[in-house]
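Let me begin by presenting the structure, written as C-alpha cells, before commenting on it.
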Protein chains: 2
Amino acid sequence: MYKETTQDKVDELLNGAAEAFQYLKKRSIKDRAALMYAIADKIASLGPELITAAMEETSLPEARLVGEKARTVFQWRSYADRLKDGACLSARIDTAIPDKTPPKPDLRKLMVGVGPVVVFGASNFPFAFSTAGGDTASAIAAGCPVVLKAHPGHLKTSSLMADAILSALKEEGWPEGIFSHIYGNSNEAGAYLVKHPLVKSVAFTGSFHGGKALFDLANTREEPIPVFAEMGSINPVFALPEKLATNPQDFAAQYAASLTLGVGQFCTNPGVLVAIKGETLDAFKKALTGIIQGSLPANMLHKGIANAYSSNKEKMLSQKEVTVLASAENKEIEGQGAALIAATDAAGLLSNEHLLEEVFGPFGLIVSCNDVADMLLVAKKLKGQLTITLAATEADIRQQPELVNILQDKCGRLLFNGMPTGVEVCLSMQHGGPFPATTDSRFTSVGSDAIVRFLRPIAFQNWPDGLLPDELKNSNPLGIYRTVDNVLTKESI
Amino acid sequence: MYKETTQDKVDELLNGAAEAFQYLKKRSIKDRAALMYAIADKIASLGPELITAAMEETSLPEARLVGEKARTVFQWRSYADRLKDGACLSARIDTAIPDKTPPKPDLRKLMVGVGPVVVFGASNFPFAFSTAGGDTASAIAAGCPVVLKAHPGHLKTSSLMADAILSALKEEGWPEGIFSHIYGNSNEAGAYLVKHPLVKSVAFTGSFHGGKALFDLANTREEPIPVFAEMGSINPVFALPEKLATNPQDFAAQYAASLTLGVGQFCTNPGVLVAIKGETLDAFKKALTGIIQGSLPANMLHKGIANAYSSNKEKMLSQKEVTVLASAENKEIEGQGAALIAATDAAGLLSNEHLLEEVFGPFGLIVSCNDVADMLLVAKKLKGQLTITLAATEADIRQQPELVNILQDKCGRLLFNGMPTGVEVCLSMQHGGPFPATTDSRFTSVGSDAIVRFLRPIAFQNWPDGLLPDELKNSNPLGIYRTVDNVLTKESI
C-alpha cells in the first residue's frame, strides 16, 4: 500500500523543498505562526480514524493516544506562540558610530532558517515525535521545509498526519514543498537523504545505533551538516538515605509505575536505581518485587522491539555481576514485554560497562552501594543522560554537594523527586543531554527552544533601512524583542 | 627556549583544568566578569616588551599591534559587560501548575559551561585571536577553563600573554587550572589535545586543512565534541552596475586598500570581485592596475605563509582560465608578499573549482560576467563565506532581489558597500559562515555571542528554591534577564 519512494522522486521532492525554502525566507514569523495554527487545527480535527490506525499500528492504548494527539496539537500552537514574540530570532542591532576610530558600522543580526531539514519519525511517539511531531513543528517554525521519512512501524498513521499537514498548506496557500512525506524501509533510503546536498540539517529520535550512524554520515559529507539525534538513556535515579527511609513502599510504587508506563517504551524510562544497602533498601526491594510480580505483560510497539527487549534482557542477565530480583509472574508471549527487575552492586557496575547499556522496555537495574563514596563512583562512571533524578530530602541534598555537582555534568534535566517519564512541553524543558544521550547537548528537542536547532545567524552591515528584513528595520514593524545597542527592547529606533 | 610540553604534563594540566571547571561552576557570572576585567587590566598594563616581541615574531607593524592590543582588552571587557546581565544564560522558568492534568512541574533552565576548552591560537592576530584572544575570553566567560596551544609563529608573544592571564588569576585568587599554556609544534600534539577525554570543546582559527582535520578527529572520538573552526574565506565582492559606474577609480582604490591591508593576511580579505563587463569595469581595472603596480611588497607573518602565498599564486596562475591583470612592480624577496590581481570570466570560474580556493595574501581575482544571469550563476556556485559584499546603490539592490536572496544563504555577514576587512567587536557581529568558512555556521567567534559556543542548557525540575543556582532562585539575586512563564523580565517571582 505504501510504496518505497524512488530516488528520482526523492530528488524531485528535495528540489521542491529547496524552492519552498526560498519562498519561506520571504514570509514573516507572523505568517509562519499563522500556518502553524492552521496545521494544529487540521490535526485537532482528524477523526477517530487516526486513533484507530495508531492503536492498530503501535499497540498503544486509546487514552494514551488521545493524550498524545492533544500534546501534538499543543506543540504546534505553543511553538507558534513563542515564535511570534521573535525572541528565538535573537535580533541584535548596533547602530553606527561614525566618529569612532575606525568608524563603527551599522550592524544588525538575526537568525534565519538553515534550509531543508530531514526528520526521522520515532516509533514510540507516533504523533508527538513522528510525522507531525516536535521536530517537524520546530523546523517549520524556523522557516525550514521538512522532508519526513515515515517510520515503518506506523505508515498509515504517518500518512494521515502527512495529509493533514499537506491539506493545511494547500488551504492556506503555501507551497507543498514545505512538507514532503517519504517512504523507505532500508538504511540506504535514510542514508540517501542525509547525504543529499540539498539537505542542511537532520533530526532523529531512536536508537543509539541508528542515530550515531546518521551523525557519522552527516559528518563525512563534503559539506558536513548537524544531526540532532536523541538516542535514549538509562535515566538513573539516585535514592538518598533520608528520602528512601521516609516511605520505601510508596517510593517502590512510584518507581514501578514510571518503569512500566507504556511498557517501558519511553526515552526517559528510569532504567537504573542507585541506593545504599540497608534495611530501607531491603524494604524498597521487597515492595518493588511484589508490584513487579503482579504486573501484566503487554504488547510492545512492534515485534522487532519486543524481540530486542527480550534479547537485551537476556544479555543483561547473562552478565556475571547481575541477578534477577523480580519478574512478572505472567509470562510474556511473542510481541509482549514483561517487567523485570535485576540487581547488582556498585562494584559490579563499575567493573562491567555493559551494565550501563539501555534495555529499552520495562527493565530496571537496582544498584546497591556500600556507602556514599560508592555512589559517587557510580555517578562518575555514568555516561551522558537525558535525565537524572535525585530521590531526596533537602537535607539529603545539602549533605551531598559533590554528588549533585557530578550529576549536573551528566544530564540535561535534573529532577528533585518525582519520576523522569512525562516530558512537559514548555520553554524551560531540556530534552537532550551529553553524548550518548544526544549527539548535541547544546539543544533541546522538546519545548520551543527546539526551534533554534534549525536557525543560524546572519549579520547585515550598513544596509539602508528600507532594504533590511522587517525584523531589523528601525520601526520594528513586527514588534519583536531586539537587543539595540546592548539594551533588550521592543521599541523602535 | 620554549620546550614542547610533554604528554604527562598535558595530562596534568588537563586534570587541573577539569578541577578548575568544578570550581568555576560554583562562582557566579558576576565573579567571572570581575576576573575578566582583572585579566583585561593586566593585558592593558603589559609594557612595550609585548609589542616588540610581536613585531619581531610576526612582522606586523607597531601601529597595527597597538590597535590590536586595545581591541583584545576591549574584547575581555565587553564580553564581561554582556555576561553580567545574564542574557547569554537564557534562563527560563516555568512555574508549577499543580491542578493541570497531568500536573505541570516547576521547571527552570539555564546555560552552564560545557567543560575544558582547547584553543588553538591564530597566526594572523597574535593578540586578538590568539593566546588571550576572543576564544579564550569567551570560554572563560562561559565558565570553561582554557587549554591554549601556543601558535609556533609567536611563542614569546604567547608566553607574555599567558603570563598576564596567569598573574591575574593568581592575584584575584582563582585556581591556575583555569588557564594552561601548552607548547607543541607537531600535528600530533594538537591531535592529543583534541582526542583527550577531559576536553569538551575546541576553538581554532586557521587553514581549512588544519580546521577540518581537527573537526574530523573530534567527531571520531568515543564522545564526539564540537569544533569551532574558522577556516577562511574568499569573501566575494559583487560590484553592481549603477554603483560601479559612479566612480570606478574611487572604488578601485577602496578595493586595493582592503586587499593589501596587512599584506592581505585577514580572514575577511576580499579575494574575489565579480562585475559585469563594460566600460566601467575597464575603468575600474585600469585604476586598480595602476595602484597594484605601485604597491610595495612587505614581510608576511612568517616564511611558511610567504612560501604558501607564492605557491598558491603560482598554482592559480597556472589555471588555463586565469590571466594576470596587474602585479607589483617591486618584486617580493623571500618572506615577503607582493600584491597580484588576476582575471577570469564567469565561464572560467564556473568550469574550474580551483578558482574558488583561497589564496591567503594580497591576491585578488576579478571575475567578469556577461550579464546579471552570469552573476547569478557565479553566486550559486559559491561555497560558504564569512562575508559577501554588495557594492551597490539602493536601485541596484532593488533590481536584483534574486541575487541578494542567493547570497544570504552563502555567508555569515552581508555588507552593503564598504569592505569586509575590519571586524567590529559587538553583539551584532557575525563572524562565521556556512561550511567551509567555518565548521558551524550557527555560532560566531567575534562579539559576545561567541560565549554561547561553550554553554549547554540544564533544566532543574521541582527543586526547592534554596537549592537552586542563584540564577534561577525566585528572588533573582543576580538581577539577570529570565523568561518567567513565557514573559521576559528581570523581576523576582
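The values are calculated or read from the model by the stated rules, or taken from the named source; none is laboratory data. Treat the numbers as computed from the prediction; the structure is a model and nothing was measured. Glycine also receives a Cβ, built like all others from the backbone with ideal geometry; neighbour counts cover every protein chain displayed.
Pull up region B:100-114, narrow it to residues that are assigned to a loop (DSSP other than H, G, I, E, B) and more than 7 Å from chain A (Cβ to nearest Cβ), then point me to the one that is surrounded by the fewest Cβ atoms within 10 Å (Cβ to Cβ).
Keep residues of region B:100-114 that are assigned to a loop (DSSP other than H, G, I, E, B), which gives B:100-103, B:105-106, B:114.
Narrowing the set further to residues that are more than 7 Å from chain A (Cβ to nearest Cβ) leaves B:100-101, B:103, B:106, B:114.
On the way: B:Lys100: 10, B:Thr101: 7, B:Pro103: 12, B:Asp106: 21, B:Val114: 24.
This residue is B:Thr101.
Inside region B:187-228, can you point out the residues that are closer than 20 Å to A:Pro226 by Cα, within 13 Å of chain A (Cβ to nearest Cβ), in contact (Cβ under 8 Å) with a residue 24 or more places away in the chain and not in a helix (DSSP H, G or I)?
Residues satisfying the conditions are B:Lys200, B:Ser201, B:Arg221, B:Glu222, B:Glu223, B:Ile225, B:Pro226, B:Val227, B:Phe228.
Say whether the condition of being among the hydrophobic types (A, V, I, L, M, F, W, C), under 21 Å from the mean Cα position of the chain (by Cα) and either within 19 Å of B:Ile480 (Cα to Cα) or more than 14 Å from chain A (Cβ to nearest Cβ) (or both) is met by at least one residue in region B:14-34. Step through it out loud before you land on a result.
Going residue by residue through region B:14-34, those that are among the hydrophobic types (A, V, I, L, M, F, W, C) are B:14, B:17-18, B:20-21, B:24, B:29, B:33-34.
If we keep only those that are under 21 Å from the mean Cα position of the chain (by Cα) as well, we get none.
No, region B:14-34 contains no residue that is among the hydrophobic types (A, V, I, L, M, F, W, C), under 21 Å from the mean Cα position of the chain (by Cα) and either within 19 Å of B:Ile480 (Cα to Cα) or more than 14 Å from chain A (Cβ to nearest Cβ) (or both).
Report every pair of residues separated by at least 6 positions or lying on different chains whose Cβ atoms are under 7 Å apart, first residue within region B:154-171 and free of Cβ contacts under 8 Å to residues at least 60 places away in the same chain, second in a helix (DSSP H, G or I).
Listed pairs, sorted by first residue: B:Leu166/B:Glu176; B:Lys170/B:Glu176.
Run down A:Ile93, A:Ile97 and say which single residue is within 13 Å of another protein chain (Cβ to nearest Cβ), hydrophobic (A, V, I, L, M, F, W, C) and free of Cβ contacts under 8 Å to residues at least 24 places away in the same chain.
A:Ile97
Can you name the condition, by its number, that B:Glu353 falls short on among (1) in contact with a helix residue (DSSP H, G or I) (Cβ under 6 Å, 6 or more places away or on another chain); (2) surrounded by fewer than 19 Cβ atoms within 10 Å (Cβ to Cβ); (3) among the charged types (D, E, K, R)?
(1)
Quick check on my filter: what residues within region A:209-223 are crowded, with 17+ Cβ neighbours inside 10 Å and of a type outside the set (Lys, Arg)?
Scanning region A:209-223 gives A:Gly211, A:Ala213, A:Leu214, A:Phe215, A:Leu217, A:Ala218, A:Asn219.
Considering only region A:276-305, state which residues are assigned to a helix (DSSP H, G or I) and among the small types (Gly, Ala, Ser). If you could, list the steps in order and put the result at the bottom.
First, pick out the residues of region A:276-305 that are assigned to a helix (DSSP H, G or I): A:279-293, A:303-305.
If the condition is that a residue be assigned to a helix (DSSP H, G or I) and among the small types (Gly, Ala, Ser), then A:Ala283, A:Ala287, A:Gly290, A:Gly304 are the ones that fit.
Could you go through region A:43-62 and let me know if any residue there is more than 14 Å from chain B (Cβ to nearest Cβ), within 22 Å of A:Ser448 (Cβ to Cβ), modelled with pLDDT under 95 and in contact with a Ser or Thr (Cβ under 8 Å, 6 or more places away or on another chain).
No.
Only one residue in A:Ile305, A:Ile341 is in contact with a helix residue (DSSP H, G or I) (Cβ under 6 Å, 6 or more places away or on another chain) and buried (at least 20 other Cβ atoms within 10 Å of the Cβ). Which one?
Within the list A:Ile305, A:Ile341, the selection yields A:Ile341.
Any residue in region B:476-490 that is more than 30 Å from B:Val146 (Cα to Cα), within 7 Å of chain A (Cβ to nearest Cβ), out of contact with any Leu (no Cβ under 6 Å at 6 or more places or on another chain) and assigned to a helix (DSSP H, G or I)?
No: zero hits.
What is the number of the single condition among (1) more than 33 Å from the chain's Cα centre (by Cα); (2) in a helix (DSSP H, G or I); (3) of a type in the set (D, E, K, R) that A:Arg453 does not meet?
Just one mismatch for A:Arg453, condition (1).
Checking B:Arg71 against (1) at the interface with chain A (Cβ under 9 Å from one of its Cβ atoms); (2) basic (Lys, Arg); (3) in contact (Cβ under 8 Å) with a residue 60 or more places away in the chain: exactly one of these is not met. Which one?
Of everything listed in (1) at the interface with chain A (Cβ under 9 Å from one of its Cβ atoms); (2) basic (Lys, Arg); (3) in contact (Cβ under 8 Å) with a residue 60 or more places away in the chain, B:Arg71 misses just condition (1).
Go through A:Ile451, A:Ile458 for me and flag whichever is touching a Gly at 6+ places or on another chain (Cβ under 9 Å) and in the same structural domain as A:Ser138 (by TED's automatic domain parsing).
A:Ile458
If you check every pair at least six apart or on different chains, which have Cβ atoms under 6 Å apart with a residue in region A:310-335 that is part of a strand (DSSP E or B) first and a residue that is of a type in the set (Asp, Glu) second?
That search, which allows pairs on different chains as well, returns nothing.
Got a sec? Which helices (runs of 4 or more DSSP H) wholly within region A:357-439 have at least 2 residues that are among the polar types (S, T, N, Q) and either more than 12 Å from chain B (Cβ to nearest Cβ) or out of contact with any strand residue (DSSP E or B) (no Cβ under 8 Å at 6 or more places or on another chain) (or both)?
Here the list is empty.
Here are some residues: B:Arg92, B:Arg77. Which one is closer than 23 Å to B:Gly479 by Cα, in the same structural domain as B:Phe460 (by TED's automatic domain parsing) and assigned to a helix (DSSP H, G or I)?
B:Arg77
Just one of the numbered conditions (1) under 30 Å from B:Gly262 (Cα atoms); (2) surrounded by fewer than 24 Cβ atoms within 10 Å (Cβ to Cβ); (3) within 14 Å of another protein chain (Cβ to nearest Cβ) is not true of B:Ser123; which one?
(3)
Report the residue count in region B:456-469 for those that are touching a residue at least 60 places away in the same chain (Cβ under 8 Å) and more than 7 Å from chain A (Cβ to nearest Cβ).
Number satisfying all stated conditions: 2.
For residues that are touching a Leu at 6+ places or on another chain (Cβ under 8 Å) and surrounded by 13 or more Cβ atoms within 10 Å (Cβ to Cβ), tally how many sit in region A:1-20.
Residues meeting the conditions: 7.
Do we have B:Glu242 as charged (D, E, K, R), more than 18 Å from the chain's Cα centre (by Cα) and not in a helix (DSSP H, G or I) here?
Numbers: charged (D, E, K, R): yes; more than 18 Å from the chain's Cα centre (by Cα): yes; not in a helix (DSSP H, G or I): no.
It is false that B:Glu242 is charged (D, E, K, R), more than 18 Å from the chain's Cα centre (by Cα) and not in a helix (DSSP H, G or I).
Which ones in region B:322-360 are over 24 Å from B:Leu281 (Cβ atoms) and touching a Gly at 6+ places or on another chain (Cβ under 6 Å)?
Matches in region B:322-360: B:Gly337 only.
Scan (1) assigned to a loop (DSSP other than H, G, I, E, B); (2) out of contact with any Lys or Arg (no Cβ under 7 Å at 6 or more places or on another chain); (3) facing chain A (nearest Cβ under 8 Å) for the single condition B:Ser445 breaks and write down its number.
B:Ser445 satisfies all of (1) assigned to a loop (DSSP other than H, G, I, E, B); (2) out of contact with any Lys or Arg (no Cβ under 7 Å at 6 or more places or on another chain); (3) facing chain A (nearest Cβ under 8 Å) except (3).
Which condition number does B:Ile234 fail, the rest of (1) in a helix (DSSP H, G or I); (2) more than 14 Å from chain A (Cβ to nearest Cβ) being met?
Among (1) in a helix (DSSP H, G or I); (2) more than 14 Å from chain A (Cβ to nearest Cβ), B:Ile234 violates only (1).
Output the residues belonging to region B:424-442 that are surrounded by fewer than 24 Cβ atoms within 10 Å (Cβ to Cβ) and either polar (S, T, N, Q) or under 10 Å from the mean Cα position of the chain (by Cα) (or both).
Matches in region B:424-442: B:Ser441 only.
Considering (1) part of a strand (DSSP E or B); (2) without any contact (Cβ under 8 Å) to a residue 60 or more places away in the chain, say which one B:Leu273 fails and leave the rest.
(2)
Give region A:253-284 a look and list any residue that's of a type in the set (A, V, I, L, M, F, W, C), over 17 Å from A:Met375 (Cβ atoms) and within 27 Å of the chain's Cα centre (by Cα), or say none.
Passing the criteria: A:Ala253, A:Ala256, A:Ala257, A:Leu259, A:Leu261, A:Val263, A:Phe266, A:Cys267.
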